[in-house]
1. Quick check on the range 169-210: take the gyration tensor over C-alpha atoms, sort the square-rooted eigenvalues as a ≥ b ≥ c, and tell me if it's rounded (a/c under 1.5), prolate or oblate.
2. How would the range 127-253 be classified by its alpha-carbon gyration tensor: rounded, prolate or oblate, with rounded meaning a/c under 1.5 and the a/b versus b/c comparison settling the rest?
3. Students often get this wrong, so check it: of K183/K300; K142/K305; K239/K305; K105/K142; K264/K305, which have C-alpha atoms separated by over 28 Å?
4. I need the fraction of alpha carbon pairs in the range 168-319 separated by more than 21 Å, rounded to a whole percent.
5. Between the range 248-321 and the range 109-188, what is the C-alpha centre distance in whole Å?
6. What number comes out for the charge environment of V159, summing +1 per Lys or Arg and -1 per Asp or Glu over other residues with Cβ under 10 Å away?
7. Per residue Cα convex hull volume for the range 210-259, in cubic angstrom?
8. Please identify the GluC sites (Glu not before Pro) of the range 226-266 that satisfy two criteria: DSSP loop assignment and at most 12 other Cβ atoms within 10 Å. Which are they?
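None of the figures in this text is laboratory data; all of them are computed from the coordinates on show. On a predicted model such as this, the values are computed, not experimentally measured, just so you know. Reconstructed Cβ throughout: ideal geometry from the backbone, glycine too, with neighbour counts over all protein chains shown.
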Amino acid sequence: MGPHLIEVAPPGFQLGAGVRQGAEQGLVQQFVAQLAIEALAEAVLLGLSGSDVMPADLVLVGPFQDGVGRQFRAVVADDRRRLAAPADDRVQLAREVIKPPGDAKQDLWIIQEIARRMGLPWNYSGPADVFTEMTEVMPSLKNITWERLVREGAVTYPVDDPDKPGNEIIFTTGFPTASGRGKIVPARVLPPDELPDTEYPMVLSTGRVLEHWHTGSMTRRSSVLDQIEPEAVAFMSPKDMRRLKVWPGDFVRLETRRGAVEVKVRSDRDVPENMVFMPFCYAEAAANLLTNPALDPFGKIPEFKFCAVRAERAEISNAAE
């Protein structure tokens, strides 16, 4: 498989063909156009994490300040040294497992080259320099140094002293407010952007299955896990399946205002009536062809978990390709 070409440009530049990654990545072009160029390399890697892109397959192409296009071959997870901040409040150092193949470059190298083409004098010698700068502007990283991360592997924040372990509870003596007390304010709950109607009478929600993490970029390459959940399915309540006259293993056509997917159906009593649940880890039946890209007005988070859908029996005999 050849390199995947992603055309990048500063804000306002006409992307043209833009992303050439297949129909399931159709919304990525709109997303890329809105990104700050200095964060683009990492964002593109994340955006393609559910596809078959492998190390050294991704190439960034773009015209820069001098009008010349350049290509940067990027590495992925196992090839790079990086920091991770899981939900348990740890700052964790992830070490390089294998050397980057061929002429593949680290994210930091690519981002700095893009920045320099834009006239920014970025000159970080490595991740340690970036982390040191982060500690200067992020109070949560106080008393955590790169050397300590190298020595201990992970440190829980906040940390009271360079030689003390981190605190398991973040706010033990108060909150970072003038009074030290937390502020609790009422929330005005907004309805979903798209509600069911006579044309699309059911609700579609998306999520994970136990065997596959997020987009399945790693777990679907595990033969053991992929044997357990090898193909795309949609989950519906037994009552809705009876109404549609479908049995487990039959195909249903799920259609929203944005697209349609035909997929096998599975009975699940945990799914509420009048709802369809669809995992988003299967590129061959991509859930995000159906989901609503509308953003909530505050967090700017896409409403991928709720949209109106029409479900009907599909008269096909083969799985979605």
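1. oblate
2. Oblate, because a/c is 1.5 or more while a/b does not exceed b/c.
3. K142/K305; K105/K142
4. Of all Cα-Cα distances in the range 168-319, 54 percent exceed 21 Å.
5. 38
6. 0
7. 115
8. E231
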